[in-house]
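The values are calculated or read from the model by the stated rules, or taken from the named source; none is laboratory data. Predicted model, so just to flag it, every value in this text is computed and none were measured. No Cβ is skipped: glycine too gets one built from the backbone with ideal geometry, and neighbour counts run over all protein chains shown.
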Amino acid sequence: MSGVDVRSHDRLEELIAADVLDGLDEADRVELERGLAAHGACEECDRLLSQYSEAAAGLAMALDPLPLTRGAGERLLTAARGEHPVATPRAPSIVVRRTRRWLATAAVAACLAVISGVVGWSVAPRPRRRFPPRVRTTEL
């Protein structure tokens, strides 16, 4: 981590850009605060803060919001309160549903094949067994 150079706004600009997106760790946040304090009432710093804040706000509004999944609002409120979340049952994913459907179809097909085989075997005509005539041997 490099220190903030009072003569240059390059490092401050990097830190400000990351800060408006909540992307700074604690060490970088301290570096930003020290840099802004060292610059005092600087028009360039104020301009950077204003421009990057507006850009970050514009990013948040650039896309249409997506609807929350079932139970997401309650989980967010629970997390914000610092409570332990209660596990909520989830609906099976589409992959799981497709896999289950495929397995059920395969099981039904296998059962039908076995039943057809048994019925076919039981009703099929069988050739008569013809045994050769028995020859009796008698002792003479």
Cβ pairs under 9 Å, 6+ apart or interchain, first in the stretch 95-111 and part of a helix (DSSP H, G or I), second of a type outside the set (A, V, I, L, M, F, W, C), ordered by first then second residue, are 100/92
Of (1) exposed (fewer than 10 other Cβ atoms within 10 Å of the Cβ); (2) in contact with a helix residue (DSSP H, G or I) (Cβ under 8 Å, 6 or more places away or on another chain); (3) polar (S, T, N, Q), residue 93 satisfies every one except (2)
Every listed condition ((1) at pLDDT below 85; (2) part of a helix (DSSP H, G or I)) holds for residue 88 save (2)
